[in-house]
Amino acid sequence: MAKRTMKPVQADDLKYLRIINGCVLAPDGSAVATTISADDPKTGKKQSHIWLQPLPKGRLRQYTYGACIDTNPQFSPDGKTIAFISNRSGMNQVHLLALDGGEARQLTDLPAGAGQLCWAPDGKHLCIAAPRKQPEAATPVVRRVTGWSVKQLAVPWDLLLLNVHSGKLRTLVADGCANYMPTFSPDGEWVVYNANREPDPIAEPMRIDLFKMRVSGKGKPRLITTHSGPSEVPVVSPDGKWIAFSGFPDAKRGWDVQTPSLFITSFSGGAVRSLSGHLDRSVQPLLLSDTWGHSPLQLPQWSPDSREVCCLVHEGGATNLHRFGLDGCHQRLLCGEGAVLNTAIDYAGQRIAAVCSDPQTPCDIYLGPLSGGACRRLTRVNQWLGRRNLGRYGETRTAAGGGPHLDGWILTPPDFNPHKKYPGILYIHGGPMHSYARVFMHEFNYLAGQGYVVFYCNPRGGQGYGVEFKAAIHNAWGTVDYDDVMRFTDHVLRKYKFIDAKRLGVTGGSYGGYLTNWIIGHTHRFKAAVTQRSVSNFVSWCGNALGTGLAVKSRFEPERTPRENLEHIWQMSPVAHLHNAKTPTLVVHGENDTLTSQEQGQQIYGLLKAFGVETELLLFPEEGHELSRSGRLDRRVARLEGIREWFDRYLK
């Protein structure tokens, strides 16, 4: 088929997207298990099923079916079965699948479902992290609130021990705290896990500690002393002497002024040693895509001899796999054209299986040598993209004048003609600590297919460029970050003459919505704007959102209350400057958004109306902050079409 006869990416192509979520190595290294999720075109609801990819080659094979979401597949130690979590019964429960055939068997019937699981070394038991069912009143009741958040968000999670053969459950930890991320010691005597034991964990979100509990149930949980900051995703070394985890040292300072590093401590706790701190790069990647969403969770991976730990490292617009030796050695093992999302290391076979994404590929499984080198692609789960006329993707970087170098990207329309003039759209990422990367973006390709040049960058405040870059906007949103996106826009217009400077649009979601709001109150260079799930007023946000504790304790100045810092917080709010706005602006918000609540979008809409600026409000029922990534299919399509229609109205 000639390329010129192919359609560009369509809004409703979302129904064809298939997303690979993670990869878990079989004990004998013969395969990796994963889940592949997609939207059901008829119902618009997500489905996710378990698949196995043989190694070193073979056909990707589906193992579970049905109108359900299957997640978190884990091989038993003998490799004969897979335990996983599924909502096929109506609620997330633990199931067991025999790989030699037969239907999956449900193992639990927990009142509030199951959240996480891990196998005991004996292959006879599973440790399950499960939310505790909260009492429900038949009719609305008066509630007395004493914590930071009005929403009942801090639900206790218990740790349970399940006998796989008998189905008997035994409680290991049920102390009223959120206990999660369980992992066994190699001898099977202990379960190590995370917990936040603060009286109000919403107000102290970074007080995450390591604990261990005897599998026998004798005694009480023991604190594994590390540092005051969060100590997350623990994994015990094969010799049982060490625990690897990620986090940062100081709970009193926000995560926007610290870089998450890889640490180790002895199994009994005590002195903490950083293995990755010298890189000044995060081991908790925060990349963004509208296909697979946020960077998936990746646990540290120990070598069989307990001498080294491997983990992903966020480096600019990519994530790569690095090896850190306990002796101080360091090596980058796996990197590519895009981003490494998950890895499974086969030390016996000296190879790495990885889920990767690049600008033309939402995600696929690759296989490469452990010694480093080129990877071979094993899957092609989104072959429909071969029937789409994609725009041309390019990278660009600003000079250092007026600030640091900025990584940026540009996507031109299909059948691009450099002698024509095209309208351009500046797209700003959320976070602000997240980052854009060399990955496939459905929305950008859709807008490019509608005749727009889409350009985007990583301004200061984002992750992947070191703590100084990230901390540059601590308590200072709308300063150098605004300067950076303006500087990047200037750079793009100088370099790419085919972009019409008189037909520019700007959009972004969450923090990107904040900066869009800020932009329309400080410049008139953009002829149309779309602000999505945005923050507009920090004064009201501090007392209204899921992030109440986060806003006051982390995003601004932890040692000062909002009242003491009120004037500064107000001046940092876009609504304080909206009287300068003239840009026609579409406001997009989910009615169930608990992070940036609906009133934040309504304030922008109402004030623009009052100031006589052209504006409309697009509200999505039942949708929260993740509408663009995981909302119902028809609403995601409606959102894309609404954005396109708004830009068409003012830029074409």
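Taking 23 Å as the cut-off for C-alpha to C-alpha distance, list the pairs among Lys527/Lys609; Lys218/Lys252; Lys80/Lys218; Lys15/Lys652; Lys80/Lys168; Lys252/Lys470 that go past it.
Values: Lys527/Lys609 17 Å; Lys218/Lys252 34 Å; Lys80/Lys218 31 Å; Lys15/Lys652 28 Å; Lys80/Lys168 21 Å; Lys252/Lys470 17 Å.
Exceeds cut-off: Lys218/Lys252; Lys80/Lys218; Lys15/Lys652.
Please compute one quarter of the surface area of the Cα convex hull for region 380-465 and express it in square nanometres. Let's see the in-between values first.
Details: hull surface 27.8 nm².
Value for region 380-465: 6.9 nm².
Let's test the formula: R0 of 60 Å, r as the Cβ-Cβ distance of Asp12 and Asp187. What FRET efficiency results, to the nearest 0.05? Before the final figure, lay out the partial values.
Details: r = 53 Å, r/R0 = 0.88.
Calculated value: 0.70.
Report, to the nearest 10°, how far helix 633-651 tilts away from the longest principal axis of the Cα atoms in the chain, using its own Cα long axis and a range of 0 to 90°.
20
Sorted by packing (mean other beta-carbon atoms within 10 Å per residue), highest first, where do 516-523, 37-44, 356-363 land?
In decreasing order of mean packing, 516-523, 37-44, 356-363 become 516-523, 356-363, 37-44.
With θ set to phi - 60° and the Karplus curve 6.51 cos²θ - 1.76 cosθ + 1.60, what are the ³J(HN,Hα) couplings of region 127-135 in order, to the nearest whole Hz, using x for Gly and Pro?
Here the 3J(HN,Hα) series is 9, 10, 9, 9, x, 8, 5, 8, x Hz.
Length gain on complete extension for the stretch Phe498 to Ala174, per 0.36 nm per residue less the alpha carbon to alpha carbon distance?
Numbers: separation 324, 0.36 × 324 = 116.64 nm, distance 6.22 nm.
Length gained, Phe498 through Ala174: 110.4 nm.
List every residue whose amide H lies under 5 Å from the amide H of Gln284, counting only residues 5 or more places away in sequence or on a different chain, with H placed 1.01 Å from N in the peptide plane.
Residues meeting the amide H criterion: His314.
Taking the Cα centre of the chain as the origin and placing charges on Cβ (Lys, Arg +1; Asp, Glu -1), which of His522, His227, Leu640 is farthest toward the positive end of the dipole?
Among His522, His227, Leu640, the one farthest towards the positive end of the dipole of the chain is Leu640.
Quick one: which residues, 5 or more positions from Ala437 or on another chain, have an amide H under 5 Å from its amide H? H modelled 1.01 Å from N in the peptide plane, none for Pro or chain starts.
Leu288
Which order do Val155, Val192 fall in if you start with the one that has the fewest other Cβ atoms within 10 Å? Don't skip to the end; give the middle numbers.
Details: Val155 11, Val192 22.
Least to most surrounded, the residues fall as Val155, Val192.
Taking Cα pairs under 8 Å and at least six residues apart, what relative contact order does the chain come out at, in percent? All intermediate terms of the calculation are to be shown ahead of the outcome.
On the way: 1630 pairs, mean separation 63.9, N = 652.
Averaging sequence separation for qualifying contacts and normalising by length gives 10 percent for the chain.
Average the reciprocal distances over every distinct pair of alpha-carbons in region 78-139, invert the result, and give the Kirkwood radius in Å. Walk me through the numbers on the way to the answer.
Details: mean 1/r = 0.0779 Å⁻¹.
The Cα-based Kirkwood calculation yields 12.8 Å.
How would you rank His165, His49, going from fewest to most other Cβ atoms within 10 Å of each one's own Cβ?
On the way: His165 10, His49 21.
Listing His165, His49 from fewest to most nearby Cβ atoms yields His165, His49.
Residue separation times 0.36 nm, minus the C-alpha to C-alpha distance between Glu591 and Gln383: what's the value?
Numbers: separation 208, 0.36 × 208 = 74.88 nm, distance 3.49 nm.
Here the answer is 71.4 nm.
How high is the FRET efficiency from Tyr347 to Ser268, r the C-beta distance, R0 22 Å, rounded to 0.05? Provide the component values of the computation, followed by the final result.
Numbers: r = 27 Å, r/R0 = 1.21.
For R0 = 22 Å, the calculated efficiency reads 0.25.
Going 7 Å from the Cα of Phe611 in the Cα-to-Cβ direction, what parts of region 484-527 have a backbone nitrogen less than 17 Å from that spot?
506-507, 513-527
Nearest 10 degrees, 0 to 90: what angle lies between the long axis of helix 511-520 and the longest principal axis of the chain (Cα atoms)?
So the helix axis and the longest Cα principal axis differ by about 10 degrees.
Cα axis of helix 598-610 to longest principal axis of the chain: angle in degrees, 0 to 90, nearest 10?
0
Work out Dmax and Rg for region 1-144 from the C-alpha atoms and quote the Rg first, both in angstrom.
19.0, 66
Each residue of region 105-114 in order: what ³J(HN,Hα) in whole Hz does its phi give by Karplus 6.51 cos²θ - 1.76 cosθ + 1.60, θ = phi - 60°, with x for Gly and Pro?
10, 6, 9, 10, 9, 6, x, 10, x, 10
For region 482-520, list residues with backbone N below 15 Å from a point placed 7 Å from the Cα of His577 toward its Cβ?
Correct set: 482-487, 512-520.
Which value in nm describes the separation of the simple spin-label points at Leu619 and Arg105, placed 7 Å from the Cα toward the beta carbon?
Going by the 7 Å Cα→Cβ label model, 5.1 nm.
Would you mind estimating how fast region 188-257 diffuses translationally, via Stokes-Einstein at 25 °C and 0.890 mPa s with the Kirkwood radius over Cα pairs, in µm²/s? It would help to have the intermediate numbers written out before the result.
Numbers: Rh = 13.0 Å.
So the translational diffusion coefficient is about 189 µm²/s.
What order do you get for 266-276, 291-301 when each peptide is scored by the mean count of other beta carbon atoms within 10 Å, highest first?
Working: 266-276: 15.7, 291-301: 18.7.
The densest-packed peptide leads the list: 291-301, 266-276.
Hey, what D do you get for the chain in µm²/s if you plug the Kirkwood alpha-carbon radius into Stokes-Einstein at 20 °C and 1.002 mPa s? Mind showing how you got there, number by number?
Values: Rh = 25.9 Å.
Answer from the Stokes-Einstein relation: 83 µm²/s.
Label region 252-312 by shape, choosing from rounded, prolate and oblate, from the square roots a ≥ b ≥ c of the eigenvalues of the Cα gyration tensor; if a/c is under 1.5 it is rounded, and otherwise prolate applies when a/b is larger than b/c, oblate when it is not.
Values: a/c = 2.37, a/b = 1.38, b/c = 1.72.
Verdict is oblate for region 252-312.
Simple spin-label model, 7 Å along Cα-to-Cβ: Glu641 to Lys133 in nm?
4.1
Once phi is turned into θ = phi - 60°, what whole-Hz ³J(HN,Hα) does the Karplus curve with 6.51, -1.76 and 1.60 give for every residue of region 242-255, x standing for Gly and Pro?
For region 242-255, the Karplus-derived couplings read 10, 10, 9, 7, 10, x, 9, x, 10, 6, 7, 10, x, 6 Hz, x marking Gly and Pro.
For a quick protection proxy, order the peptides 505-514, 56-65, 631-640, 255-264 by their average other-Cβ count within 10 Å, most packed first. Numbers along the way, then the final one.
Working: 505-514: 26.4, 56-65: 13.3, 631-640: 19.7, 255-264: 22.4.
Order by mean packing, descending: 505-514, 255-264, 631-640, 56-65.
Assuming R0 = 45 Å, what is the FRET efficiency of Asn417 and Asp483, from their Cβ-Cβ distance, to the nearest 0.05?
Numbers: r = 33 Å, r/R0 = 0.73.
Rounded to the nearest 0.05, the efficiency is 0.85.
Sequence gap at least 6, Cα distance under 8 Å: using those rules, report the relative contact order of region 86-240 to the nearest whole percent. List each step's numbers first, then the result.
Numbers: 315 pairs, mean separation 25.0, N = 155.
Reported relative contact order: 16 percent.
What is the set of long-range amide H partners of Cys118 at a cut-off below 5 Å, with H atoms built 1.01 Å from backbone N?
Cys127
Report the charge-dipole magnitude of the chain in Debye, nearest 20, computed about the Cα centre from +1 at each Lys and Arg Cβ and -1 at each Asp and Glu Cβ. Before the final figure, lay out each step's value.
Numbers: 73 positive and 60 negative charges, 253 e Å.
For this selection, approximately 1220 debye.
Can you give me the Rg/Rh ratio for region 206-245, using Cα atoms for both radii and the Kirkwood formula for Rh?
Working: Rg = 11.1 Å, Rh = 11.3 Å.
Rg divided by Rh gives 0.99.
Which value in Å is the Kirkwood Rh of region 251-384 over different Cα pairs? Show your work: numbers first, answer last.
Details: mean 1/r = 0.0631 Å⁻¹.
15.8 Å is the Kirkwood radius here.
Can you give the extra length, in nm with one decimal, that the chain gains between Arg376 and Ala476 once fully stretched, where that is 0.36 nm per residue apart less the Cα-Cα distance? Walk me through the numbers on the way to the answer.
Values: separation 100, 0.36 × 100 = 36.00 nm, distance 4.44 nm.
Going from the current span to full extension adds 31.6 nm.
At q = 0.16, 0.19, 0.33 Å⁻¹, work out log10 I(q)/I(0) for region 16-63 with the Debye formula, treating every Cα as an identical point scatterer and leaving solvent out; two decimals please.
Rounded to two decimals, the profile gives -0.47, -0.61, -1.20.
Coordinate-derived values only; no laboratory data. Owing to the predicted nature of the structure, the values given are computational and were not obtained by experimental measurement. Methodologically, a virtual Cβ is constructed for each residue, glycine included, from the backbone with ideal geometry; neighbour enumeration extends over all protein chains shown.
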